Amino acid sequence: SVAGSGPAWGSSLVLGSMGPAVKKRLWFALKLAVSAGIIYLIFHKIFARQDADKLWIHLRELKAGWVVASALSLCIAITCSLVRWHRLLVGQGIHAPWRHLISTFMIGRFFGAVTPAGLGLGGYRVYDIAKHTGKTSRSLASVAIEMVLGNLAVGVVALVASSFGYRYIGAQGIALLAVVFGTLIAVALSILLKPLLVRTLASKLPTKVANKFSGMVDAVCAYEGRGGLLGEATLLGMAAHAINGLIYVCAAKGLGVELPITELFFVSILQNLSAHIPISINGVGLREGAALGLYTLVGVPPEQAVLIPIVGFTVEMIISSFGELVL
């Protein structure tokens, strides 16, 4: 109805007056433009250096064993995430069969891969469990607390990985990352340990921000007194994020990149974090840009550097596509 009411791009049209559907389409278009723009600039640089042929040389030399290791790393990371989700559901009194959880998780990964604005991994899991149990709030709480614990896990893993990045960003860069990830850890711990205090502080923030924190706090309160369960879920989250980094470490080794594993891990973690900035389609462009910027600092050729995230992400997408078969 919005599209049929008149010109979508009239000069009087402002974001605040747009309907939700138009806003989603516009946001999708902006993300698509960012992804396409970054990819264009990267490959324009490679072609301008007349290094396009080297892309195919590196791909022909790709070692199958390391690609298999990359896929196995992803499967282990998925397993950690599945066990974490199962434990959090049990904490809500929901005992779903493993077969069902695996199917739902893989369908969620598929939706997360192909729907830039819509049902993703978390959204589909909430919907599916709620549909089968009728316990919408409990299903939502299990995924919401997973987000809080995930931020804590990401902060810890990234903080550890940053210690390996001196050659790339120097002492000042490491100190800056320590502040950023330390703040992330502090916020997550505050929500976990002092949910009522966070709720009080959140009430003084703008409504949209307050509502977001309120939902997370409600989820944490649902697990009050379950410190052991939350600790277990946090460790599983840390394992999942760390092993996700190994997907790209294996891709780099498969492409013959001669750098220490610790440095490859540092770049892989930062590269994965950059892909979560919500300004592109599924991190496309951001992932490649981060890898190119960091690896070329230490002498890795651009055409080899850009292939690392492409190979790793391709492995992820192939495995995620099995969710379509399940669906």
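The values are calculated or read from the model by the stated rules, or taken from the named source; none is laboratory data. Remember, predicted model here, so these are calculated numbers, not experimental data. Virtual Cβ from ideal backbone geometry, glycine too; neighbours counted across all protein chains shown. Just so you know, the surface numbers come from the protein's heavy atoms only, side chains and all, with ligands and any DNA or RNA stripped out. Shrake-Rupley method; radii C 1.70, N 1.55, O 1.52, S 1.80 Å.
Remark: region 44-203 carries a charge dipole of roughly 220 debye about the Cα centre, counting +1 on each Lys and Arg Cβ and -1 on each Asp and Glu Cβ.
Across the options Thr104, Pro260, Gly93, the greatest Cα extent toward the positive end of the charge dipole of the chain (unit charges at beta carbon of Lys, Arg, Asp, Glu) belongs to Gly93. Simple rule: put +1 on each Lys or Arg Cβ and -1 on each Asp or Glu Cβ in region 125-217, find the dipole, and look at Leu159, Leu193, Ile169; the Cα lying farthest toward the positive end is Leu193.
Placing +1 on the Cβ of every Lys and Arg and -1 on the Cβ of every Asp and Glu, with no other charges, gives region 131-266 a dipole of roughly 520 debye about its Cα centre. Between Leu32 and Ser137, the modelled labels are 4.0 nm apart [label points 7 Å from Cα along Cα→Cβ]. Per the Debye calculation on the chain with a single equal scatterer at every Cα and no solvent contribution, log₁₀ I(q)/I(0) for q = 0.11, 0.13, 0.14, 0.15 Å⁻¹ amounts to -0.81, -1.11, -1.25, -1.37. Largest GNM mean-square fluctuation among Ser70, Ser190, Ser81, using the chain with Cα springs under 10 Å: Ser190.
Note on the chain: with a GNM built from Cα contacts shorter than 10 Å, the maximum mean-square fluctuation among Pro206, Pro195, Pro278 falls on Pro206.
Model label sites at Lys63 and Ala175, defined 7 Å from Cα along the beta-carbon direction, differ in position by 3.9 nm. Helix 207-221 against the longest principal axis of the chain: what's the angle in degrees, Cα atoms only, rounded to the nearest 10? Roughly 80 degrees, rounded to the nearest 10.
Magnitude of the charge dipole for the chain, about its Cα centre and with charges confined to Cβ atoms of Lys, Arg (+1) and Asp, Glu (-1), is about 820 debye. The Cα atoms of region 128-207 give a gyration tensor whose axes a ≥ b ≥ c have a/c of 1.5 or more with a/b no greater than b/c, which makes the shape oblate.
Take 225-232, 58-65, 153-160 and order them by the average number of nearby Cβ atoms within 10 Å per residue, most first; the result is 153-160, 225-232, 58-65. Once backbone amide H atoms are built at 1.01 Å from N, Gln92 has no partners under 5 Å, excluding neighbours fewer than 5 places away on the same chain.
Using bins of 10 Å that start at zero, the share of Cα-Cα pairs per bin across region 195-327 amounts to 11, 29, 25, 23, 11, 0, in whole %. Taken per residue, the accessible surface of the chain reaches 51 Å², heavy atoms only and a 1.4 Å probe. Shown for region 181-327: the carbon plus sulfur share of the solvent-accessible area, taken with all protein chains present and a 1.4 angstrom probe, equals 69%.
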